[in-house]
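For reference, the structure is listed below as structure tokens.
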Amino acid sequence: MKHKKRARSSARTAWIVAILLVAAVGIRLAYDRDLARNPFHDHPIIDAAEYYGWSRAIAGGEWLWNRVHIHGPAYPYLLAVLAKLGGSFGTFTFVQHLLGVATLFLVFDIGRIVAGRAVGLTALALALLYPRFLFLEGLLLAETLATFLNLVALRAALHLGRRRARALAWLFVGVAIGLSAITRPTILAVLPALLYYAYRRGAGGEGAPSTAGAPAAPSTRFSADAARRAGALLAGTLLLVAPVFLRNVSIGDPVLVQANGGMNFYIGNRAGSDALASVPPGMEWNRIEKLAERAGVASEAEKDRFYYRKALAEMAGEPVRATARVAKRFLLFWGGWEVEISHDFDFFRERSRALRVLFVPAAFLAPLALAGVFYAARSRASRGPLLLPLLFLLSYLIAILPFPYASRYRMPIFPLHILFAAFALVRIVRKFRSRALSPGEGAAAVALVLALNLVPLSLPEGSIVRTHLHLGKMLYDRGDAAGALAEYDRALEREPESPDVWNNVGLAREAMGDQEGALRAYRRALRSAPDHGKARANVAGIRFRRGEVDSAFADMKRAVEVEPRNPEFLNNLGALELQLGLVSEAIATLERGAAIAPRNQEVLYNLARTYEGANRPADAERVLRRLVSVRETKEVRLRLGAIAEAMGRQETAMTEYRRALDLDGAYPDALRSLGVLLLRAGRREEGTPLLLKYLGARPADAEIRDLLDRTRG
């Protein structure tokens, strides 16, 4: 009878899970229709653009990276594989939806294992109705993948901890952690908890059979088996993390997984920091980045050490505020505040009925999760099935406390918030039903939820990265300057003194032919931020076009002082120096630009032309050869031919001119140069047809007509 009752209960649970997962699939299909109308769906920005750009490089054949990136490689490689299989943005979103639905099932399954079916089902329902899982699935960000991998590792560890599995089976848990670590290395903070769990629980799990009254078995075999389990888990992690680290070492930058760890630590802990990831790409980000540059720090590993030291020094100077920042992040971790970064959730929700349908907020889930942790810590389950989720959650909390906070950074562990919130809800409901819930206990749970949402914290009012600024840039890139200005006006409603927005207003005004309006906008940017390098450089550009070369030079020099490693600024300064007859200064400036950006085509080309003007043909040829290795163009081949001809190497010159014609058989300048050289070499039969073809494109060239007439005569 009991067996039948359990079977009916299991079948009912399976049906509920299936219904909820089908609902999750339906919501995602509806969201895809909404996304198709969202301008950011196929236009990734900031972190998403970084991921997408790297994935395109991988898909294009650059399978091994040549610099340490600011993100782990797992997610870009996934995108690259999908792209190689013919995938588009829709494919990327589809795969992330699959991972999202699988994540929902894992939330249920882990909840069922550690606290029973009621908790598992409650957790699944809450996760289904939490809108930001769906929101992130529609963005080219690594959170969905990292969240899925974290739950896979947790589920596998729970499975192995309940059975007498072979030690080698723990290798799989390590591989899952390793994959998550090379997606986002924060999860490595959980590794000690997993190693402890593998060592203590893997011999037979909770409730392993024992012989009543029998003496304890010798611990030698247990210890040896336990060490093998922990070793297999560690080996699985190293199997994925070590190749990434070794690749970074091989390119001269011994960073474990990804760059910017030290800089992020500094952003969240520097004097005056608000403890958040509140420095968007732009002027302020550039200012912080220049601190390492001015200190002469080059490699990413050295930058990490520089920023860690600087942050710790500033924290030591204000210990009370530094402690308050950590406390603020602790509250944010357990509170319902959704701190935006990179994308504006409200912008997406306004354009998606599917997102508006999902209504369970973090304001309810995260504080209730803390109540669930208290309940779990007091229950016997904290020494059994709930032990690992507790360790998992608290280890992750410790890992993110030192760094700037954003809701996105909490997301890979948020399923465990939901699990413990479900544990608290089920516990409260059961106590209420059995009339064992005291008024004080219920009031305490409500007070906790309210308190963690009403604590006055300094938080950004809107999206840290202004959505309308990026929309404006998107329209500007598409040639719609008027539309861009409309979006910039909306951005200025949020931040009226934003130098980055005013700089972009200037660019749009320039595109519309309004140079006076552009100049006013650039000056407004400089009024808010006198060290805004781009605005200063843009002012220099307008003055140069007006013929005010001296003023343009002064502005461009100031821009380079602000951003001394900006190759575009160095290129423009070198061109102005050349215009003013400062040839040696122009060479020094352009050489610095080429050293900073050895593959920058404009810098290399201008440096080569400057060498030519300074009568240094060998140096010009060397730089142009380097430029050919970056990108071969007909213009570069023509210049190589001209240099070889000037140095008396006629055959080399002919070869270069022919290579230019291989790239464009109708290239007039190459036709003229090669034709004239052939005639001078006495090879009239080859040269004459080329010059006749040239005259077909440029019939007004009297010099070539005279040359052909003399040749015929």
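The values are calculated or read from the model by the stated rules, or taken from the named source; none is laboratory data. Computed from a prediction, not measured in an experiment: that's the story for all the values here. Neighbour counts run over all protein chains shown; Cβ positions are idealised from the backbone, glycine included.
Could you check the stretch 673-713 and list, in sequence order, the residues that are closer than 21 Å to Lys634 by Cβ and charged (D, E, K, R)?
Glu686, Lys693, Arg698, Asp701
Filter the stretch 585-613 down to residues that are closer than 14 Å to Val636 by Cβ and hydrophobic (A, V, I, L, M, F, W, C) and give me whichever is farthest from the chain's Cα centre (by Cα).
Ala608
Going by what's in this entry, would Arg622 be described as surrounded by fewer than 22 Cβ atoms within 10 Å (Cβ to Cβ), modelled with pLDDT of 90 or more, part of a helix (DSSP H, G or I) and not assigned by TED's automatic domain parsing to the domain that holds Pro530?
Numbers: surrounded by fewer than 22 Cβ atoms within 10 Å (Cβ to Cβ): yes; modelled with pLDDT of 90 or more: yes; part of a helix (DSSP H, G or I): yes; not assigned by TED's automatic domain parsing to the domain that holds Pro530: yes.
Yes; evaluated as a whole, the condition is true for this residue.
Enumerate the helices (runs of 4 or more DSSP H) found wholly within the stretch 63-141, keeping only those where 1 or more residues are at pLDDT 95 or above, under 25 Å from the mean Cα position of the chain (by Cα) and among the polar types (S, T, N, Q). Step through it out loud before you land on a result.
Values: elements: 74-84, 89-115, 117-129, 131-137.
Of the helices (runs of 4 or more DSSP H) lying wholly inside the stretch 63-141, those with at least 1 residues that are at pLDDT 95 or above, under 25 Å from the mean Cα position of the chain (by Cα) and among the polar types (S, T, N, Q) span 89-115.
Looking at Asn503, Asn453, Asn538, which is the one that is at pLDDT 90 or above and closer than 24 Å to Ile341 by Cβ?
Asn503
When you scan the stretch 318-330, how many residues do you find that are surrounded by 19 or more Cβ atoms within 10 Å (Cβ to Cβ) and either of a type outside the set (Lys, Arg) or within 13 Å of Asn38 (Cα to Cα) (or both)? Quick ask: steps written out before the conclusion?
Filtering the stretch 318-330 down to residues surrounded by 19 or more Cβ atoms within 10 Å (Cβ to Cβ) leaves 322, 325, 328-329.
Pick out the ones that are also either of a type outside the set (Lys, Arg) or within 13 Å of Asn38 (Cα to Cα) (or both) and you get 322.
So the count comes out to 1.
Among the residues of the stretch 25-58, write down those that are over 14 Å from Phe135 (Cβ atoms) and of a type in the set (A, V, I, L, M).
Answer for the stretch 25-58, where residues must be over 14 Å from Phe135 (Cβ atoms) and of a type in the set (A, V, I, L, M): Val25, Leu29, Ala36, Ile45, Ile46, Ala49, Ala57, Ile58.
Determine if the stretch 480-492 includes at least one residue that is part of a helix (DSSP H, G or I) and within 30 Å of Phe148 (Cβ to Cβ).
There is no residue in the stretch 480-492 that is part of a helix (DSSP H, G or I) and within 30 Å of Phe148 (Cβ to Cβ).
Would you confirm whether any residue within the stretch 280-294 is within 30 Å of Leu64 (Cα to Cα), in contact with an Asp or Glu (Cβ under 9 Å, 6 or more places away or on another chain), crowded, with 19+ Cβ neighbours inside 10 Å and among the hydrophobic types (A, V, I, L, M, F, W, C)?
Yes, because at least one residue in the stretch 280-294 is within 30 Å of Leu64 (Cα to Cα), in contact with an Asp or Glu (Cβ under 9 Å, 6 or more places away or on another chain), crowded, with 19+ Cβ neighbours inside 10 Å and among the hydrophobic types (A, V, I, L, M, F, W, C).
For Glu300, which of the numbered conditions (1) surrounded by fewer than 19 Cβ atoms within 10 Å (Cβ to Cβ); (2) over 24 Å from Ala366 (Cα atoms); (3) within 22 Å of the chain's Cα centre (by Cα) fails to hold?
So the condition that Glu300 fails would be (1).
Can you list the helices (runs of 4 or more DSSP H) found entirely within the stretch 499-561 that contain at least 2 residues being within 17 Å of Glu487 (Cα to Cα) and outside the structural domain of Pro280 (by TED's automatic domain parsing)? Before you say what the answer is, go through the steps one by one.
Numbers: elements: 499-511, 515-528, 533-545.
So the answer is 499-511, 515-528.
Please find, among Gly506, Gly472, Gly513, Gly440, the residue that is over 30 Å from Gly335 (Cα atoms) and without any contact (Cβ under 8 Å) to a residue 12 or more places away in the chain.
Answer to the selection: Gly513.
Just a yes or no: is a residue in the stretch 603-612 more than 29 Å from Glu293 (Cα to Cα), assigned to a helix (DSSP H, G or I) and of a type outside the set (Val, Ile, Thr)?
The answer is yes; a qualifying residue exists.
Is there any pair with a first residue in the stretch 386-403 that is not assigned by TED's automatic domain parsing to the domain that holds Val107 and a second that is surrounded by fewer than 19 Cβ atoms within 10 Å (Cβ to Cβ) whose Cβ atoms are under 8 Å apart and which are 6 or more apart or on different chains, and what are they?
Qualifying pairs under 8 Å: none.
Would it be correct to say that Leu355 is within 24 Å of the chain's Cα centre (by Cα), over 29 Å from Gly26 (Cβ atoms), not assigned by TED's automatic domain parsing to the domain that holds Gly268 and not acidic (Asp, Glu)?
No, not satisfied.
Of the conditions (1) charged (D, E, K, R); (2) loosely packed, with under 13 Cβ neighbours inside 10 Å; (3) within 25 Å of Ser278 (Cβ to Cβ), Arg524 satisfies every one except a single condition; which number is it?
With (1) charged (D, E, K, R); (2) loosely packed, with under 13 Cβ neighbours inside 10 Å; (3) within 25 Å of Ser278 (Cβ to Cβ) applied to Arg524, the lone miss is (2).
If the requirement is being farther than 29 Å from Ile251 by Cα and modelled with pLDDT of 90 or more, which of these qualifies: Arg305, Arg270, Arg309?
Result of the check over Arg305, Arg270, Arg309: Arg270.
Taking Ser629 as meeting all but one of (1) under 30 Å from Arg545 (Cα atoms); (2) hydroxyl-bearing (Ser, Thr, Tyr); (3) surrounded by fewer than 15 Cβ atoms within 10 Å (Cβ to Cβ), write down the number of the exception.
Only one criterion is unmet by Ser629, namely (1).
All but one of (1) modelled with pLDDT of 90 or more; (2) crowded, with 16+ Cβ neighbours inside 10 Å hold for Val562; which doesn't?
(1)
What helices (runs of 4 or more DSSP H) lie completely within the stretch 277-395 and have 3 or more residues being over 26 Å from Leu139 (Cα atoms) and among the hydroxyl-bearing types (Ser, Thr, Tyr)?
Hits in the stretch 277-395: none.
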